[in-house]
Amino acid sequence: QVQLVESGGGLVQAGGSLRLSCAASGRTFGDYNMGWFRQAPGKEREFVATISNFGIATQYADSVKGRFTISRDNAKKTGYLQMNNLKPEDTALYSCAATVRSLTTKSGEYAYWGQGTQVTVSS
């Protein structure tokens, strides 16, 4: 198993940047593909980005392409989500997740989840 803890959320003005971190403990981090998801109040959880276990492959939601960058450092057992040019519609609870399955955008394919970190973007 792997345990995940997110950090780095906060309040930022539109156009600003934040970097989220996802610290893992437990089983070898490199065994897992990792994803970021978000959920805004009253909305369903949605896919944001995913990265393969050694960082070779990535995939992004269309809404964040060109603004967000997912990365990972397996030696530090930490994943990251760099978010630039933030918009009010990016406001949500952001959660990282891990899976031993193939790279996927589907939240149901991820077995391990953190508690989330809140990102609020003011206009």
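Sort through V119, V100 and tell me the only one that's hydrophobic (A, V, I, L, M, F, W, C) and open to solvent by 70 Å² or more (accessible area, probe 1.4 Å).
V100
Quick check on segment 67-92: of everything there that is farther than 18 Å from G15 by Cα and of a type in the set (S, T, Y), which residue is most open to solvent (accessible area, probe 1.4 Å)?
If we take residues in segment 67-92 being farther than 18 Å from G15 by Cα and of a type in the set (S, T, Y), then S71 is most open to solvent (accessible area, probe 1.4 Å).
So for segment 43-51 (the condition being closer than 16 Å to Y112 by Cβ, at pLDDT 95 or above, out of contact with any Gly (no Cβ under 8 Å at 6 or more places or on another chain) and surrounded by fewer than 19 Cβ atoms within 10 Å (Cβ to Cβ)), does at least one residue qualify?
Looking through segment 43-51, at least one residue is closer than 16 Å to Y112 by Cβ, at pLDDT 95 or above, out of contact with any Gly (no Cβ under 8 Å at 6 or more places or on another chain) and surrounded by fewer than 19 Cβ atoms within 10 Å (Cβ to Cβ).
Show the residue pairs meeting these rules: Cβ distance below 6 Å; 6+ apart or different chains; first residue within segment 94-123 and free of Cβ contacts under 8 Å to residues at least 60 places away in the same chain; second residue open to solvent by 20 Å² or more (accessible area, probe 1.4 Å).
The qualifying pairs are E109/R101.
Enumerate the strands (runs of 3 or more DSSP E) found wholly within segment 1-109, keeping only those where 2 or more residues are more than 22 Å from S122 (Cβ to Cβ) and under 13 Å from the mean Cα position of the chain (by Cα).
Because the criterion is at least 2 residues that are more than 22 Å from S122 (Cβ to Cβ) and under 13 Å from the mean Cα position of the chain (by Cα), the strands (runs of 3 or more DSSP E) in segment 1-109 that meet it are 2-7, 18-26, 33-39, 46-51, 58-60, 68-73, 78-83, 92-99.
S95 passes all but one of (1) open to solvent by 40 Å² or more (accessible area, probe 1.4 Å); (2) of a type in the set (S, T, Y); (3) out of contact with any Ser or Thr (no Cβ under 7 Å at 6 or more places or on another chain); which number fails?
Here S95 meets the rest and fails (1).
Looking only at segment 49-69, which residues are touching a Leu at 6+ places or on another chain (Cβ under 8 Å) and over 13 Å from T104 (Cβ atoms)?
Selection gives R67, F68, T69.
Name the pairs whose Cβ atoms lie under 9 Å apart, with the first residue in segment 71-90 and in contact (Cβ under 8 Å) with a residue 60 or more places away in the chain, the second surrounded by fewer than 13 Cβ atoms within 10 Å (Cβ to Cβ) and acidic (D, E), and 6 or more positions between them or separate chains?
Y80/D73
Would you check if there is a residue in segment 56-66 being open to solvent by 60 Å² or more (accessible area, probe 1.4 Å), hydrophobic (A, V, I, L, M, F, W, C) and either closer than 16 Å to E6 by Cβ or touching a residue at least 40 places away in the same chain (Cβ under 8 Å) (or both)?
no
Take the residues of segment 27-41 that are at pLDDT below 95 and over 19 Å from E109 (Cβ atoms): which is surrounded by the most Cβ atoms within 10 Å (Cβ to Cβ)?
The first filter runs over segment 27-41 and keeps only residues at pLDDT below 95, leaving 27-31, 41.
Imposing the further condition that a residue be over 19 Å from E109 (Cβ atoms) reduces the set to 28, 41.
Details: T28: 11, P41: 7.
Within segment 27-41, the match that is surrounded by the most Cβ atoms within 10 Å (Cβ to Cβ) is T28.
Go over the candidates A14, A24 one by one and state the one that is hydrophobic (A, V, I, L, M, F, W, C), open to solvent by 10 Å² or more (accessible area, probe 1.4 Å) and closer than 18 Å to V119 by Cα.
A14
The values are calculated or read from the model by the stated rules, or taken from the named source; none is laboratory data. No experiment lies behind these values; they were computed from the predicted model shown. Here Cβ is always computed from backbone atoms with ideal geometry, including for glycine, and neighbour counts include all displayed protein chains. Please note that ligands, DNA and RNA were not included when accessible areas were found on the heavy atoms of the full protein model with its side chains. Shrake-Rupley method; radii C 1.70, N 1.55, O 1.52, S 1.80 Å.
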